[in-house]
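Have a look at the structure below, then the notes.
Derivation of every value follows stated rules applied to the coordinates shown; laboratory data play no part. The model shown is predicted, which means the values in this text are computed figures rather than measured ones. No Cβ is skipped: glycine too gets one built from the backbone with ideal geometry, and neighbour counts run over all protein chains shown.
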Amino acid sequence: MSMKALEWAMYDVPAEMTKGALLRILLALADHADTEGNGAFPSQKRLCALTGYSRRTIQHGLHDLEASGLIVKGDQRLTEHYGRHRPIVWNLTMEDFRGVKTAPLKKNESEAQHTTPQNSQEAQLGAQKTVVRGAIRGAIPLRPNLYKEESYIEPRESNARARKQIPIPADWKPTEEHQALADRLGIDCDVEAGKFKDRALDTGATSADWDAKFRIWLMRGHELGYTTVKNQQSARKYTWASDEVKRVIGTDLEGTDDYMELACKVADLLNQGVDPDMLRRQLANVPDTAWVEQLFEQEAAA
């Protein structure tokens, strides 16, 4: 996995260049590339499994990404050991689409002023050509600047390559930044952190920045749709009108002023995992006036 290549694919490449299925295909290639974005050779079958797209969609997507200049064919010798049916090796161009510097106009003008041609007419023509050429270069950027409103931010992982790769620490846990990111994406941060740590321990993976790697895990998982949705496991199963709640309370109190309050408390206890039969037996001999106090005790115990 190349975190630098993944960040380039998600943040640096303009959205209009990766519409539809192109973004997922590009992310899958970035996940198989090295630290420089080169040497990605997942088979079309694996790309279908990772993205959920058909083989025809994968083929068209690779063609479109190559046509747009985001990927190019790499060193095909990397897959010689696959035999006849070997996948294509792709390199990510890793171009900076945030804009490039333009040629300065004043420098060309100063060079024209200090030029000493053989006669004055040649000097005048030379100066005009130099100024016009410099003006054109200064007015037209070498590549369209699609992100004029923001300056380029160097990825945090750029310095991670210089640090030592280590296994995931035993006391590693998600930070507040991870929690905020997970909340924004609607992801259960604790569940994903457990999956992330278990996989790192199982595979023996190493990294110079585990916090950055977990950020990529959350963003990539949200994009590909395999993360655990927040509060998915804590959905309410019982409500005040559920048949199980009515069976616990009975029909004697139904229609009374206290029934709604009692039914809501019973539903909360059942959602917390209290056994309905045990709750019904405990409340069977409790006077009607003491139901609320008894339920409060049950709720505190749960």
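Give me the net charge of Lys195's neighbourhood, meaning all other residues with Cβ under 11 Å from the Cβ of Lys195; Lys, Arg count +1, Asp, Glu -1.
Details: positive: Lys197, Arg199; negative: Asp188, Asp190, Glu192, Asp198, Asp202.
Residues near Lys195 contribute -3 overall.
In this structure, the amide hydrogen of Ser43, modeled 1.01 Å from its nitrogen in the peptide plane, lies closer than 5 angstrom to no residue at least 5 positions away or on a different chain.
What does the extension gain come out to for Gln179 and Glu244, with contour length at 0.36 nm per residue minus their alpha carbon separation? Please list the in-between numbers first.
Numbers: separation 65, 0.36 × 65 = 23.40 nm, distance 3.60 nm.
19.8 nm is the gain from fully extending Gln179 to Glu244.
Peptides 37-50, 54-67 ranked from most to least packed give 37-50, 54-67, packing being the mean of other C-beta atoms within 10 angstrom over each peptide's residues. Note on Arg46/Asn271: beta-carbon distance plugged into 1/(1 + (r/R0)^6) with R0 of 51 Å gives a FRET efficiency of 0.75.
With the Cα gyration tensor of the range 3-92 giving a ≥ b ≥ c as the square roots of its eigenvalues, does the rule (a/c under 1.5 for rounded; else a/b larger than b/c for prolate; else oblate) give rounded, prolate or oblate?
Working: a/c = 1.78, a/b = 1.27, b/c = 1.40.
Oblate, because a/c is 1.5 or more while a/b does not exceed b/c.
Taking a threshold of 18 Å on the Cα-Cα distance, which of the pairs Lys173/Lys213; Lys19/Lys213; Lys173/Lys197 fall above it? Write down the numbers at each step before the final one.
Working: Lys173/Lys213 12 Å; Lys19/Lys213 25 Å; Lys173/Lys197 9 Å.
Pairs exceeding the cut-off: Lys19/Lys213.
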